[in-house]
Amino acid sequence: MKIFYNEKTQSFHLRNDFISYQFSVAEGKYLTHNYWGKAVSDNHSAADYRYADRSFSVNPNSIKGRKFSLTTLPQEFPGDNNGDFRESALNLRYEDGSFSTHLVYDSHEIIKGKPAINGLPNTYVSKDGEAETLKISLIEQTKKIEVNLFYTIFKDYPVITRSTEIINNSNLTIDIEKLLSASVDFDHAHFDLVQLPGAWGREREIERHGISRGIHKLDSKRGTTSHTYQPFMALTEPYTTEHSGDVYGMHFVYSGEFVANVEVDEYRKTRLQMGISPEHFSWRLDQGESFHTPEVVMVYSDQGLNKMSQDLHSLYQHHLIRGEHQYRERPVLINNWEGTYFDFTEKKILSMADEAAKLGIELFVLDDGWFGKRDNDFSSLGDWFVYQEKLPNGLKALAEKIKSKGLKFGLWFEPEMISEDSDLYREHPEWVLKAKASSPSRGRDQFVLDFSQKDARRHVLNQMKKILDEVPIDYIKWDYNRNMSEIGSQDSSIRDGEVSHRFMLGLYEVLEDLITSYPAILWESCSGGGGRYDPGMLHYMPQTWTSDNTDAVSRLEIQTGTSMTMPISSMGSHVSAVPNHQVNRITSLKMRGDVAMAGNLGYELDVTQMTDEEKAEVKDQISFYKEHRKLVQYGTFYRIYSPFDEKDRTSWMIVSKERDEALMYYYKILDRANTLSERVKFKGLDPETLYQVNDSDVHYYGDELMNKGIYIDPLASVDGHGEPMPLGDFRSEIIKLSKVITN
Ligand code: GLA
């Protein structure tokens with residue numbers, strides 16, 4: 001890994017064994033993008049701008065001639081209202097209302113390692129030599145405002161991270177109306193766009209389509225990342241598949257409002273950008289003040305989408321997730337939500353815990369309904385003290401009783417919310433998030449607590465700490481169950497345009513405090529399932545509740561889409577009762593288990609209602625999972641068949657780092673009459689290793705399994721006359737491979 005600077009050509013080249021990223025200073029002023037892709041030699045990193053007079057392009061004043069224009073220059077960080085007619089990366093508004101920004105190169109610095117971004121989540125390095133950072137300083141030509149671009153290249157990953165800092169060195173007050181974290185120009189538009197849109201209960205569907213002229217925008221104006229779009233966008237060559245071809249991805253390490261743009265201009269050049277959404281954002285900078293954006297992870301793969309996913313998983317596992325649980329095997333949990341909803345007593349919870357312990361479950365999570373006077377979702381958010389009538393012996397006694405059964409104890413919170421029917425609201429209605437002079441909308445009949453106000457967030461933090469200091473808690477599920485609206489603050493010292501970002505800074509401050517004060521707790525993030533499943537939250541909480549939809553068939557899509565960017569160790573996946581509560585589908589316990597066992601296994605049902613047969617099956621699932629969970633949670637993940645490409649089947653694989661162990665998951669969704677099976681080809685094995693299948697005496701070499709494939713035999717059945725027999729819908733197999741040790 002090295003950052004090269006060629007003084008003669010004023011060009012920069014960030015390179016490691018996998019990627020190169022090149023840009024230079026054109027005409028002594030303008031930062032020009034040259035290349036992002038597979039690693040190349042450091043020879044021609046200088047700009048090769050194609051000078052030409054193009055009608056109706058305009059030419060910057062200081063450059064002679066008509067042959068140079070900002071709108072045809074591939075730029076690194078385009079200013080606004082300056083002759084580049086494409087989307088800008090920043091918009092500033094000056095005191096006099098003007099808004100033209102010309103950014104020119106001033107200086108640069110190469111920094112060892114990777115500086116943290118204060119108050120924001122970010123990828124980090126912990127050892128010397130893991131990364132290098134280039135800081136480019138740009139100056140606004142007339143106003144002397146400084147804009148610093150930070151580029152970090154990681155030694156072992158095809159990844160560059162980018163963020164932007166602005167320092168107001170002018171003698172004016174300025175309003176930042178837009179400040180993105182990254183912008184990249186490509187000199188063609190032969191791309192498909194891959195994105196992960198969704199909704200509650202069907203998060204992160206994979207969509208892929210060609211790009212065309214105009215702007216395609218994904219964003220959030222909901223105060224949070226939300227279910228609607230993942231803050232992720234990838235451009236692929238049209239021929240790119242899961243396992244071959246180029247991919248250029250951007251992923252935002254932030255949990256608030258974001259924007260991701262892809263623009264194709266009149267010359268069929270492509271601009272890809274990401275950052276905080278400008279829609280509700282306006283940040284005032286007085287003289288001498290600065291602002292730093294969250295970072296964007298830019299990932300490149302020359303081996304298709306699956307390799308991009310693997311690199312993101314690994315980067316996040318080693319350089320984003322932190323704390324005691326970073327590499328720890330995650331416990332098998334039971335959550336009472338779908339088993340009881342709000343309707344539980346201490347007796348009921350203890351009987352569930354009893355049964356759970358017998359099955360081998362390790363953690364009991366008490367979900368919503370234990371606090372205030374919470375019998376439904378109309379009340380009590382903000383009143384984080386035990387609901388005495390429901391739990392008359394208190395939380396501590398309950399936790400201790402659960403722990404005496406050999407289980408760990410976990411608890412649900414939704415700290416960023418306030419119910420109208422709560423003591424907190426009665427005492428502090430001024431802590432409801434709402435734009436000045438507006439009437440706030442309700443969502444799930446609750447308001448958002450204004451975390452941009454220090455007193456409000458401190459109040460909740462203290463309430464939580466009181467419980468955490470008293471009750472032996474091993475795990476917390478941190479929920480967030482509505483989108484924001486009428487974003488603003490009742491505190492007159494906070495400008496409404498700053499609230500959505502100040503809210504995030506407040507949230508991150510509280511999370512940082514909690515995870516450092518209680519390092520042993522395992523934190524799981526949740527937002528109506530996976531509505532805030534983003535790299536920002538992952539920096540604080542190593543797990544997320546992937547989706548409220550626990551139906552095994554729906555989960556095939558949800559977990560496939562989630563695997564596009566998120567590590568398996570972060571993916572909560574639970575077995576629930578049938579008919580399923582979200583889609584009313586009946587699937588076998590085997591299939592529900594086989595799907596949940598491809599993530600962090602949990603159960604979310606009333607175990608006391610299960611038959612003895614079901615309990616025996618669950619016990620087997622748990623013991624199989626415990627034997628293999630290290631591989632599942634920390635192995636290398638492959639998508640073999642995607643439910644977005646194929647209607648009837650899905651297949652995944654997880655291979656150990658040493659390639660001596662693997663699990664292959666195969667799911668048949670709907671059966672058809674009169675079919676013949678086909679061989680399934682495995683991925684990621686060592687071609688020369690001999691593998692044993694399912695502890696049997698059937699052995700195959702890795703090259704056979706990967707190139708020729710095998711029939712997934714238990715799915716192919718014949719009747720008494722040797723005729724193929726339909727086996728029905730919703731079936732699954734997990735095939736275990738282990739290296740045959742020969743003497
Ligand atoms: C959200 C979560 C669920 C559950 C409920 C409780 O919807 O996603 O898992 O915790 O809240 O109200």
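What follows is calculated from the coordinates using simple rules that are stated; it is not laboratory data. Predicted, not measured: the structure shown is a model, and the values here were computed from it. Virtual Cβ from ideal backbone geometry, glycine too; neighbours counted across all protein chains shown.
First check a/c for the stretch 432-510, with a ≥ b ≥ c the square roots of the eigenvalues of its C-alpha gyration tensor; if it is under 1.5, answer rounded, and if not, answer prolate when a/b is larger than b/c or oblate otherwise. The shape class here is prolate.
Amide H contacts of ILE111: THR133, LEU134, LYS135, each under 5 Å away and 5 or more positions distant or on a separate chain (H built 1.01 Å from N in the peptide plane; Pro and chain starts excluded). What is the P(r) of the chain, as percent of Cα-Cα pairs per 10 Å bin from 0? Whole-percent P(r) values from 0 Å outward: 3, 14, 23, 24, 19, 12, 5, 1, 0, 0. For the chain, complete DSSP H runs whose alpha carbons reach 27 Å or more along their own long axis and whose mean Kyte-Doolittle score is -0.5 or higher are 496-517.
Rounded to the nearest 0.05, what FRET efficiency is calculated for LYS127 and LYS436 with R0 set to 51 Å and r the Cβ-Cβ distance?
Efficiency computed from Cβ-Cβ geometry: 0.60.
Can you give the FRET efficiency for GLU688 and ASP645, using 1/(1 + (r/R0)^6), R0 = 35 Å, r = Cβ-Cβ distance, to the nearest 0.05? Efficiency computed from Cβ-Cβ geometry: 0.70. Shape verdict for the stretch 24-121, please, from the Cα gyration tensor: rounded (a/c under 1.5), prolate (a/b greater than b/c) or oblate. Oblate, since a/c reaches 1.5 and b/c is not below a/b. Derived scalar couplings between HN and Hα for the stretch 447-453 equal 9, 8, 7, 6, 6, 6, 8 Hz in order, rounded to whole Hz, by the Karplus curve 6.51 cos²θ - 1.76 cosθ + 1.60 (θ = phi - 60°), x for Gly and Pro.
Looking at the stretch 283-388, the GluC sites (Glu not before Pro) that sit in a DSSP loop and have at most 12 other Cβ atoms within 10 Å of their own Cβ are GLU324.
Quick one: dipole size for the chain, taken about the Cα centre, charges +1 on Lys/Arg Cβ and -1 on Asp/Glu Cβ, in debye to the nearest 20.
920
Provide, for q = 0.10, 0.14, 0.15 Å⁻¹, the log10 of I(q)/I(0) from a solvent-free Debye sum over equal Cα point scatterers in the stretch 2-319. Computed log10 I(q)/I(0) values: -0.54, -1.13, -1.32. The modelled label-to-label distance between PHE4 and GLU109, using points 7 Å beyond Cα along the C-beta direction, is 2.5 nm. Across the cross-link table entries LYS114/LYS135; LYS347/LYS390; LYS683/LYS739; LYS373/LYS454, which are compared at the Cα atoms, the separations over 18 Å belong to LYS373/LYS454. Close amide H contacts of ILE640 (hydrogens built in the peptide plane, cut-off under 5 Å, sequence separation of 5 or more or a different chain): SER651, TRP652, MET653.
Taking 0.36 nm per residue of sequence separation and removing the Cα-Cα distance, the ALA673/LYS708 pair yields an extension gain of 10.1 nm.
Indicate the gyration tensor shape class of the stretch 143-191 (rounded, prolate or oblate), computed on the Cα atoms with a ≥ b ≥ c the square roots of the eigenvalues: a/c under 1.5 is rounded; otherwise a/b larger than b/c is prolate and the rest oblate. Don't skip to the end; give the middle numbers.
Working: a/c = 3.46, a/b = 1.75, b/c = 1.98.
Note, shape of the stretch 143-191 comes out oblate.
Divide by every residue of the chain the summed helix terms, -39500 (n - 2.57) for each DSSP H run of at least 4, and state the resulting mean residue ellipticity at 222 nm, rounded to the nearest 500 deg cm²/dmol. Don't jump to the answer; show the numbers that get you there.
Details: 11 runs with 136 residues, N = 743.
It comes out at -5500 deg cm²/dmol, rounded to the nearest 500.
Ranking SER576, LEU589, SER527 by Cα position along the charge dipole of the stretch 439-592, where only Lys, Arg, Asp and Glu carry charges on their C-beta atoms, puts LEU589 farthest toward the positive end.
Model label points for HIS721 and LYS38, set 7 angstrom from Cα along the Cα-to-Cβ axis, are 5.6 nm apart. Given a Förster radius of 41 Å and the C-beta distance between ASP53 and LEU172 as r, what FRET efficiency does 1/(1 + (r/R0)^6) yield to the nearest 0.05? Plugging the Cβ-Cβ distance into 1/(1 + (r/R0)^6) gives 0.70. Modelled spin-label separation between SER588 and ASP343, with each label point placed 7 Å from Cα along the Cα-to-Cβ direction: 3.2 nm.
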